Amino acid sequence: MPDYTTGVMMSVGWTLEQLQQVKDLGFQNVQIAAPYKAVLDSPDVRQKLIDGIKSVGIEVTTVFAGFDGESYADVPTVKETVGYLNPATREERIQRTADIGEFAQSLGVDKVAAHVGFVPEEHEDPAYAPMVEAVSRVADDCARRGQIFSLETGQEGGAALLRYLTDMGRGNVKVNFDPANMILYGSGEPIEALGIVAAHVVSVHAKDGKWPPGEGQLGTEFPLGQGDVGMENFVAKLKEIGYKGAVTIEREIPDWDQKVKDLVDAKALLESLY
Ligand code: MG
């Protein structure tokens, strides 16, 4: 048995047909973006989706929470709109995450994840303590269902992330490590950061990207192996830290057919490196 499986991140807007296609291509598991609010709030539609996912029969390792109004256009917009940072949307999103956790439970999935938003690097920042409190509440709610809540990495460096995890002090708060995000947000060398948070990593994204061209800007995502992550080094580091589990390939482009091509190439690349 190899120490890893290859999976696919099914981004917002995915369909059951695409899920079937991914399974037919030989991927062993998926992470799925949570359905829209309209689906979650409609018991019939929600149940139909759950039945549909179960009938495809591919393992779902994680359900990713996402929220209405999130935008990754640039760094200030991410700060304003993503995750739990903005007090204006925080409470509603904590509730929404609970709905998503219940949806995940219906699928037998024990991991819920999210981009929680920018966590301030400075303890003294007035936004830091509320971010500790908000994500701790989300995690405690997940714990009641026996679920892990994992943080998608990328918007903070390894040391800051480790301190944040320590300050929350929750045994079920873990890390979904995405090496490309650290490059896209310019938040530090990902391979080094993986070493720093290794003990907390429960899932990983295989994604690639190039550094931002300037301050306040975001880098650009590239097909696996064509960006600045260094996939050889990433895989070597995963082996070094003893990571065993799903390596979930993430490719964030809207064109599904191109995405499938890139996923297949990425799978072959990972297999050549493992
Ligand atoms: Mg990711």
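May I ask you to list the aspartates and glutamates whose Cα is less than 20 Å away from that of Lys23, ignoring any residue fewer than eight positions away on the same chain?
Within the straight-line limit of under 20 Å, Lys23 reaches these aspartates and glutamates: Asp3, Asp51, Glu59, Glu250, Glu252, Asp255, Asp257, Asp262, Asp265, Glu271.
Under a straight-distance cross-link criterion of Cα-Cα below 17 Å, which aspartates and glutamates are reachable from Lys48, leaving out those fewer than 8 residues away in the same chain?
Glu17, Asp99, Glu102
Stretched out fully, how many nm does the piece from Arg163 to Asp228 gain, at 0.36 nm a residue minus the Cα gap?
20.8 nm
Consider just the alpha-carbon atoms of the stretch 1-139 and return their Rg together with their Dmax, both in angstrom.
So, for the stretch 1-139, Rg and Dmax equal 16.4, 50 Å respectively.
For an R0 of 41 angstrom, estimate the FRET efficiency from the Cβ-Cβ distance between Lys261 and Asn86 and round to the nearest 0.05.
After rounding, the FRET efficiency stands at 0.65.
Which percent, to the nearest 5, of DSSP beta bridges fully inside the chain are antiparallel?
Expressed as a percentage, antiparallel bridges in the chain total about 10.
Kindly write out, for the stretch 206-212 in residue order, the coupling ³J(HN,Hα) from the Karplus curve 6.51 cos²θ - 1.76 cosθ + 1.60 (θ = phi - 60°), rounded to whole Hz, with x marking Gly and Pro.
Calculated HN-Hα couplings, in order: 9, 9, 10, x, 10, 4, x Hz.
Filter Lys174/Lys267; Lys174/Lys259; Lys79/Lys237; Lys54/Lys244; Lys37/Lys111 down to the pairs with a C-alpha to C-alpha distance above 22 Å, please.
Lys174/Lys267; Lys174/Lys259; Lys79/Lys237; Lys54/Lys244
Along Cα→Cβ, 7 Å out, is where each label goes; now give me the distance between the ones at Leu25 and Leu107 in nm to one decimal.
In this crude spin-label approximation the distance works out to 1.7 nm.
Kindly report, to the nearest 10 Å², the accessible surface of Asp167 as traced by a 1.4 Å probe over protein heavy atoms only.
Surface accessible to solvent at Asp167 totals approximately 70 Å².
In vacuo Debye scattering of the chain, one point per C-alpha: log10 I(q)/I(0) at q = 0.08, 0.10, 0.17 Å⁻¹?
Summing over Cα pairs of the chain leads to -0.30, -0.47, -1.54.
For Cα pairs less than 8 Å apart in space and 6+ apart in sequence, what is the mean separation divided by the residue count of the chain, i.e. the relative contact order in percent?
Relative contact order for the chain comes out at 16 percent.
I'd like the distance separating the alpha-carbon centroids of the stretch 135-169 and the stretch 1-33, in whole Å.
One Cα centre to the other: 25 Å.
The values are calculated or read from the model by the stated rules, or taken from the named source; none is laboratory data. Bear in mind the structure is a predicted one, so any value in this text is a computation, not a measurement. When we count neighbours, we look across all protein chains shown, and the Cβ atoms used for this are built from the backbone with ideal geometry, even at glycine. With ligands, DNA and RNA removed, areas are computed over all heavy atoms of the protein, side chains included. Shrake-Rupley method; radii C 1.70, N 1.55, O 1.52, S 1.80 Å.
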